[in-house]
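Below is one structure, written out as structure tokens; comments come after it.
The values are calculated or read from the model by the stated rules, or taken from the named source; none is laboratory data. These numbers were taken from a predicted model, which means no experiment stands behind them. Virtual Cβ from ideal backbone geometry, glycine too; neighbours counted across all protein chains shown. Surface areas here come from the heavy atoms of the whole protein model, side chains and all, with no ligands, DNA or RNA. Shrake-Rupley method; radii C 1.70, N 1.55, O 1.52, S 1.80 Å.
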Amino acid sequence: MTATDQQQPTTGQKSPAASHSGQRPRPFTALAAPLFVLVLVVGAWYFVSYVVLDPGRRFLMPPPHLVILDGILGDSAPDMLEALGRTGTVALTGLAIAAVIGITWAVIMSQSQIMENALFPYAVILQCIPILALVPLVGFWFGFGFTARVFVCVLIALFPIVSNTLFGLRSVDRQMRDLFALHHPSRVTVLRKLEFPAAMPAIFAGLRISAGLSVVGAIVGDFFFKQGSAGIGILIDNYRSRLQAPELFASIVLASLLGVLVFWFFGWLGNRVVGRWYHR
């Protein structure tokens with residue numbers, strides 16, 4: 001047998017390294033891993049409630065079944081869901097405004113290095129402002145209702161959209177820019193047909209981050225702007241002052257689930273818009 005015969009190609013067979021590279025986790029593994037962590041968290045929660053805490057101090061961390069029965073499924077459930085809907089409306093409104101302002105801001109900076117040098121420091125300043133220190137001024141400027149809550153959401157959610165969109169617009173492949181330059185396109189054409197499609201993954205990454213931050217901003221606004229319709233933040237503060245521990249924990253869990261839901265939605269939307277090509 002010759003050396004050529006010994007080195008026949010083995011089409012259809014992959015090396016172990018190639019078979020494992022880029023392999024996605026199986027659906028069962030993808031579901032079992034977070035469920036396993038959830039079981040550990042719930043077990044630790046029960047341990048703290050029944051072993052660490054004395055019966056007289058168990059209100060500090062009521063067991064999970066009491067949170068579900070007395071909080072989520074209790075008499076306060078309709079009030080929680082209604083308040084959660086108001087908080088979600090504020091968060092999504094602030095996120096939409098932040099997206100329009102942030103993407104426009106990033107587009108302006110991407111068109112000129114001078115504009116980036118002039119405007120980007122102020123985006124950083126907005127990110128560094130202590131929002132709790134600014135909240136009283138927001139109340140003086142916009143009152144203590146819906147507008148003030150939305151303004152707080154915009155302030156908190158703006159910077160990730162600006163920075164991620166600018167990063168996406170700036171990170172277009174140089175060879176693609178040179179290819180477009182051969183046809184002498186206008187700046188609008190380059191932005192519409194090259195930069196925006198290439199920046200979509202980064203834009204949706206910024207939206208996912210800002211989605212969770214906008215929910216936080218809506219809850220922070222509820223804590224300080226207590227006029228008008230009550231959001232979930234106002235209920236959290238009321239349950240805290242009344243020492244209603246199951247309702248307090250239930251409202252915190254629902255607020256967290258709202259943030260997770262909004263985060264997941266923009267992740268799903270990003271996958272639908274960008275497509276599978278980005279992940280391969």
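Positive-end ranking of VAL48, GLN175, PHE263 along the dipole of the chain, with charges on Cβ about the Cα centre, is headed by GLN175.
Cα convex hull, the chain: 220 Å³ per residue, rounded to a whole number.
With θ taken as phi - 60° and the Karplus curve 6.51 cos²θ - 1.76 cosθ + 1.60 applied, the whole-hertz 3J(HN,Hα) list for the range 232-239 is 5, x, 5, 5, 4, 5, 5, 5 Hz, x standing for glycine and proline.
Couplings 3J(HN,Hα) for the range 72-84, derived from phi with the Karplus relation 6.51 cos²θ - 1.76 cosθ + 1.60 (θ = phi - 60°), are 5, 9, x, 5, 7, 4, x, 5, 5, 5, 5, 5, 5 Hz, where x marks Gly and Pro. This model, with +1 at the C-beta of Lys and Arg and -1 at the C-beta of Asp and Glu, gives the range 84-275 a dipole about its Cα centre of some 200 debye.
For the chain, with every protein chain kept in place, what is the accessible area per residue (1.4 Å probe, Å²)? Write down the numbers at each step before the final one.
Values: 17160 Å² over 280 residues.
Accessible surface, normalised per residue, equals 61 Å².
Hey, what did the chain get for relative contact order, percent, Cα under 8 Å, at least 6 apart? Spell out each step's value before the answer.
Numbers: 289 pairs, mean separation 69.4, N = 280.
This gives 25 percent for the chain.
In the complete set of protein chains, residue-level accessible area for LYS193 is approximately 120 Å², probe 1.4 angstrom.
Sorting HIS65, HIS184 by accessible area puts them as HIS184, HIS65; the probe is 1.4 Å, largest comes first, and only protein heavy atoms count. Computed from backbone phi with θ = phi - 60° and the Karplus coefficients 6.51, -1.76 and 1.60, the 3J(HN,Hα) list for the range 251-264 is 5, 5, 4, 5, 5, 5, 5, 4, x, 5, 5, 5, 4, 5 Hz; x is used for glycine and proline.
Report, to the nearest whole %, how much of the accessible area of the range 114-204 belongs to carbon and sulfur atoms, 1.4 Å probe, protein only.
On the way: 3630 of 5220 Å².
Roughly 70 percent of what the probe reaches on the range 114-204 is carbon or sulfur.
When every Cα-Cα distance of the range 148-280 is counted in 5 angstrom steps from zero, the calculated P(r) takes the values 2, 10, 14, 15, 14, 11, 9, 7, 6, 4, 3, 2, 1, 0 percent. Taking a Cβ cut-off of under 12 Å around ARG86, the surrounding Lys, Arg, Asp and Glu residues balance to a net charge of -2, with basic ones at +1 and acidic ones at -1. A DSSP coil position with no more than 13 other Cβ atoms inside 10 Å describes none of the chymotrypsin sites (Phe, Trp or Tyr not before Pro) in the range 36-123.
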